[in-house]
Amino acid sequence: MRFFEPWWVRESHISVPLGLGELKLLHLSDLHAEPMPLGFLREQIDRALAWNPDFICVTGDFITTKYERWDEYAAMLAKLSAAAPTFASLGNHDGGRWARFHGYSDTSLVRSMLERANIALLHNAQERLEIRGRALRLVGLGDDWANEVEPVRAFGRGPSTVRDGPEPVIVLSHNPDTKEELAPFAWDLMLCGHTHGGQLSLPVLGEPFLPVRDKRFVRGLYRWESRWIHITAGLGSLHKARFNCRPEISYLTLT
Ligand SMILES: [Fe+2]
């Protein structure tokens, strides 16, 4: 649980039919620098970039609790943005209301690190992208446990499932429990982390520590209300422990 599995990273290749004709999206999440050592994360990032993604999304939990090695961390994450346009959303551990109970509530340190790493934080904000002649829209939400999910601000309009343009819409939202709140808006694929795939997946008991209300959504690609939801098990592990639930680099081919 501690000495082997948290370091035994699974590389998952998944196709998502979005009408985009083979765009390569690297989906990472839950790096949890401390307890995860930067050396381990650096190795995984190098490995993931060998796939040559067209763009990269990181769905939160960059840290676990108070953190200090910001310069080194920013330099490491800058490898992502040097390889391809990189976007992020925040998780519950990155500061905000929930993190206050862990002795810190300020998201500014994570925000400024992302800025230095040239990673675009989409915090209730969106961005239109064009990659190899194909357009898509990315919409990033704040974190659910921090009570910072503001879809009207993120989508730039009131609830409507009529889309603004023909391009597919990809949502970055740390916690998959936000899906119902986002359902009245137009999107095609939601990228999430947060669950760590359950982190401990036990025979008979299943995933007793799954930190979501809707226990059906654990890891992998799901079809939900004519949309797709992808939950990656994430790279890091709380308490550096995993059982029957390897950490994950997710390679999504948007076909
Ligand atoms: Fe996490």
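The values are calculated or read from the model by the stated rules, or taken from the named source; none is laboratory data. All figures in this text were calculated on a predicted structure; none of them were measured in a lab. With ideal geometry, Cβ positions are generated from the backbone for all residues, glycine too; neighbour counts draw on all protein chains shown. When the accessible area is computed, the model is the full protein with side chains, heavy atoms only, and any ligands, DNA or RNA have been set aside. Shrake-Rupley method; radii C 1.70, N 1.55, O 1.52, S 1.80 Å.
Could you go through region 24-37 and let me know if any residue there is open to solvent by 30 Å² or more (accessible area, probe 1.4 Å), under 15 Å from His196 (Cα atoms), part of a loop (DSSP other than H, G, I, E, B) and within 16 Å of the ligand (Cβ to nearest atom).
The answer is yes, given that some residue of region 24-37 is open to solvent by 30 Å² or more (accessible area, probe 1.4 Å), under 15 Å from His196 (Cα atoms), part of a loop (DSSP other than H, G, I, E, B) and within 16 Å of the ligand (Cβ to nearest atom).
Within region 40-76, can you find the residues that are among the hydrophobic types (A, V, I, L, M, F, W, C), assigned to a loop (DSSP other than H, G, I, E, B) and surrounded by fewer than 20 Cβ atoms within 10 Å (Cβ to Cβ)?
Ala50, Trp51
I need the full set of residues from region 198-214 which are loosely packed, with under 15 Cβ neighbours inside 10 Å and on the phi > 0 side of the Ramachandran plot, in order please.
Val204, Gly206
Give me the strands (runs of 3 or more DSSP E) completely within region 205-255, filtered to those with at least 1 residues that are touching a strand residue (DSSP E or B) at 6+ places or on another chain (Cβ under 8 Å), closer than 14 Å to Glu11 by Cα and aromatic (Phe, Trp, Tyr), ordered by residue number.
248-254
Evaluate the following for Glu248: is it closer than 16 Å to Phe62 by Cα and of a type in the set (Asp, Glu)? Spell out the reasoning first.
Working: closer than 16 Å to Phe62 by Cα: yes; of a type in the set (Asp, Glu): yes.
Yes; evaluated as a whole, the condition is true for this residue.
Among the residues of region 56-73, which ones are closer than 28 Å to Val139 by Cβ and either among the aliphatic types (A, V, I, L, M) or out of contact with any Leu (no Cβ under 6 Å at 6 or more places or on another chain) (or both)?
Filtering region 56-73 down to residues closer than 28 Å to Val139 by Cβ leaves 56-64, 67, 70, 73.
Passing the criteria: Ile56, Val58, Asp61, Ile63, Thr64, Tyr67, Trp70, Tyr73.
Can you pull out every residue in region 155-184 that is open to solvent by 20 Å² or more (accessible area, probe 1.4 Å) and of a type in the set (D, E, K, R)?
Matches in region 155-184: Arg157, Arg163, Asp164, Glu180, Glu181.
What are the residue pairs meeting all of these: first residue in region 196-217, first residue under 16 Å from Pro247 (Cα atoms) and touching a residue at least 40 places away in the same chain (Cβ under 8 Å), second residue in a loop (DSSP other than H, G, I, E, B) and more than 16 Å from the ligand (Cβ to nearest atom), Cβ atoms under 8 Å, and 6 or more apart or on different chains?
Once the first residue is under 16 Å from Pro247 (Cα atoms) and touching a residue at least 40 places away in the same chain (Cβ under 8 Å) and sits in region 196-217, its partners that are in a loop (DSSP other than H, G, I, E, B) and more than 16 Å from the ligand (Cβ to nearest atom) give Leu200/Met1; Leu200/Pro208; Leu200/Asn244; Ser201/Asn244; Leu202/Pro208; Leu202/Asn244.
Consider Phe217 carefully, then state whether it is farther than 23 Å from Gln44 by Cα and either crowded, with 24+ Cβ neighbours inside 10 Å or hydrophobic (A, V, I, L, M, F, W, C) (or both).
The answer is yes for Phe217.
If you check every pair at least six apart or on different chains, which have Cβ atoms under 6 Å apart with a residue in region 222-242 that is aromatic (Phe, Trp, Tyr) first and a residue that is away from the ligand (no atom under 16 Å from the Cβ) second?
Tyr222/Ile229; Trp228/Val16; Trp228/Leu189
Hey, among the residues in region 155-194 that are among the aliphatic types (A, V, I, L, M) and within 16 Å of the ligand (Cβ to nearest atom), which one's nearest to Thr253 (Cα to Cα)?
Leu191
Could you please find all residues in region 130-154 being closer than 27 Å to Thr255 by Cα, of a type in the set (A, V, I, L, M, F, W, C) and surrounded by fewer than 18 Cβ atoms within 10 Å (Cβ to Cβ)?
Of everything in region 130-154, those that are closer than 27 Å to Thr255 by Cα, of a type in the set (A, V, I, L, M, F, W, C) and surrounded by fewer than 18 Cβ atoms within 10 Å (Cβ to Cβ) turn out to be Ile131, Ala135.
Could you tell me whether region 168-183 includes any residue that is under 27 Å from Thr107 (Cβ atoms), assigned to a loop (DSSP other than H, G, I, E, B) and of a type in the set (Val, Ile, Thr)? Before you say what the answer is, go through the steps one by one.
Restricting attention to region 168-183, the residues satisfying the condition of being under 27 Å from Thr107 (Cβ atoms) are 169-183.
Checking the rest, the ones that are also assigned to a loop (DSSP other than H, G, I, E, B) come to 173-175, 183.
Narrowing further to those that are of a type in the set (Val, Ile, Thr): none.
Checked region 168-183: no residue is under 27 Å from Thr107 (Cβ atoms), assigned to a loop (DSSP other than H, G, I, E, B) and of a type in the set (Val, Ile, Thr).
With the condition kept exactly as written, say whether any residue in region 227-245 is of a type in the set (S, T, N, Q), away from the ligand (no atom under 15 Å from the Cβ), open to solvent by 20 Å² or more (accessible area, probe 1.4 Å) and closer than 24 Å to Arg42 by Cα.
Yes, the conditions are met somewhere in region 227-245.
Is region 77-89 home to any residue that is within 16 Å of the ligand (Cβ to nearest atom), farther than 22 Å from Ile170 by Cα and open to solvent by less than 30 Å² (accessible area, probe 1.4 Å)?
Checked region 77-89: no residue is within 16 Å of the ligand (Cβ to nearest atom), farther than 22 Å from Ile170 by Cα and open to solvent by less than 30 Å² (accessible area, probe 1.4 Å).
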